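Where a number appears in this text, it was derived from the coordinates with a stated rule and is not lab data. Note that the coordinates shown come from a computational prediction; the quantities given were computed from them, not determined experimentally. Positions of Cβ are backbone-derived with ideal geometry, glycine not excepted, and every protein chain shown enters the neighbour counts.
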């Protein structure tokens, strides 16, 4: 039983080690009155990095995950979260607009941001800063290893079999190690002053693990998003 537990622990360590390189830096304006925030608008995820064309529906999947993480983590926020569409609908209701204007997705966001200071106290956003693969080339090298050999030696006049450690050299072929990289920032800003009052900046570098290959950039970004959202602490 003990050996089984040790084996399971080793497997767990190897399978989890792929995301061990994630690092998050958190900023919080301690002088800001967070208790005065009653509502916040979360915006669609933004991209400073180039969206990979090699992965189908990257933008759609990442955007959906961002929305899911926020809507399923309402207990983390001591205020009500609204979408940017909610802000526009509220404005139309207040102003008695019965036939809303037709806008593109970018236009909807721009209008919601321009109205945010009237209907919410803060703006919650996420921006993908980096999203790419990189490869490290490891050249051929000679490594020392040890093997055990059984030899017969004469001890007190009698031949006995003894195990001796023997050092030997082995050529390790050149190989390439690939990583998926992602970095993002989640920001909470005052809707009236645009002051940053809370932020998380996360960087992750993920390679292959014992039983898994290098993750796709879609999975890498979604993992970093989840990692970041779980570390939000406004209380």
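Remark on the range 48-169: hydrodynamic radius 21.4 angstrom, per the Kirkwood mean of 1/r across alpha carbon pairs.
Going by how many other Cβ atoms sit within 10 Å of their own, how do 138, 84 line up, fewest first? Intermediate values should be presented prior to the final figure.
Working: 138 11, 84 22.
Final ranking by Cβ density, sparse to dense: 138, 84.
Please work out whether the range 32-100 counts as rounded, prolate or oblate from its C-alpha gyration tensor, where a ≥ b ≥ c are the square roots of the eigenvalues and a/c under 1.5 means rounded, while otherwise a/b larger than b/c means prolate and anything else oblate?
Values: a/c = 2.57, a/b = 1.36, b/c = 1.88.
Cα axes put the range 32-100 in the oblate bin.
Computing P(r) over Cα pairs in 10 Å bins from 0, in percent directly from the structure and comparing it against (1) 7, 27, 32, 20, 10, 3, 1; (2) 7, 28, 28, 23, 12, 2, 0; (3) 6, 22, 24, 17, 11, 7, 5, 3, 2, 1, 0 singles out (3).
A convex hull fitted around the alpha carbon atoms of the range 170-235 yields 134 Å³ per residue. The peptide list 229-235, 65-71, 179-185, put in order of mean Cβ contacts within 10 Å with the highest first, becomes 179-185, 65-71, 229-235. Each of residue 130 and residue 210 was given a label point 7 Å from its Cα along the Cα-to-Cβ line. The distance between the two points is 2.8 nm.
Could you order the peptides 30-41, 204-215, 118-129, 157-168 from most to least packed, using the average number of other C-beta atoms within 10 Å per residue? Provide the component values of the computation, followed by the final result.
Working: 30-41: 13.9, 204-215: 16.5, 118-129: 19.9, 157-168: 8.8.
For the peptides 30-41, 204-215, 118-129, 157-168, the packing ranking is 118-129, 204-215, 30-41, 157-168.
Separation of the range 66-103 and the range 126-192, taken as the distance between their Cα centroids, equals 50 angstrom.
If the segment from residue 177 to residue 76 were pulled out straight at 0.36 nm per residue, it would be longer than the present Cα-Cα gap by 32.6 nm.
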